[in-house]
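Rule-based calculations on the coordinates, nothing more; no lab input. The shown structure was predicted, so the numbers you read here are calculated from the model rather than taken from an experiment. FYI the Cβ positions are ideal-geometry reconstructions off the backbone, even for glycines, and counts take in every protein chain you see.
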Amino acid sequence: MILTGAQIASERREGRLVIEPFDLAHVEPNSYGFTLGDRVLTYTDQTLDPNRAPDVVEEFIGEDGYLFLPGRIYLASTAERMGSDNYAATLHARLSTALLGVWIQYSAPLGHSGAVIPWTLEIKVAQPVRLFAGMLIGKLAFWSMFGASLPYLGKYSGSTDVVASKIWTERTPEVAR
């Protein structure tokens, strides 16, 4: 079952989920509207190899925003630290963002219980779009779970900002050859 916006606010007050910083004006009917953080990562490698850590460039989103261009993936994060030990969460774009041709999360929208982090966003655009740190860009929905909760303890646990792929940490000796 999805939590209503009023229930999200109530569960946050009770300490059963985390949204920091929190703005009551961002509570929506069935989600919480989150904002874009102030950093962007881009990969510098011509070809990405899942067997080694990717090279990245980090840039800050200034007062004039950041121009996102088609044909590449950008990684950014939510300005908020969000999640819960008691609920799973899903991340979605806002309609207003999507109507600009901005995709913020198209392949990994599930947040496991126990993951309380600034979410890394996978941003792609259909045409050049200027985005600004602090702008509302997406929404997070919280879902009750059925069965015993297994908290997330994966490689992205404890993230404090945008992170590049850590798939290279999964390699086995057979793959590393």
Answer label for Rg and Dmax of the Cα atoms in Å (calculated), chosen among [x] 16.8, 53; [y] 16.5, 48; [z] 16.7, 61:
[x]
Please check which bits of segment 53-74 a label hung off residue 47 would reach, taking the label as a point 7 Å along Cα-to-C-beta and the cut-off as backbone N under 13 Å.
none
Return the tail of the calculated pair distribution for segment 72-177, meaning the percent of Cα-Cα pairs more than 21 Å apart.
41
Lys/Arg +1, Asp/Glu -1 at C-beta; the chain dipole; positive extreme among 146, 32, 90:
146
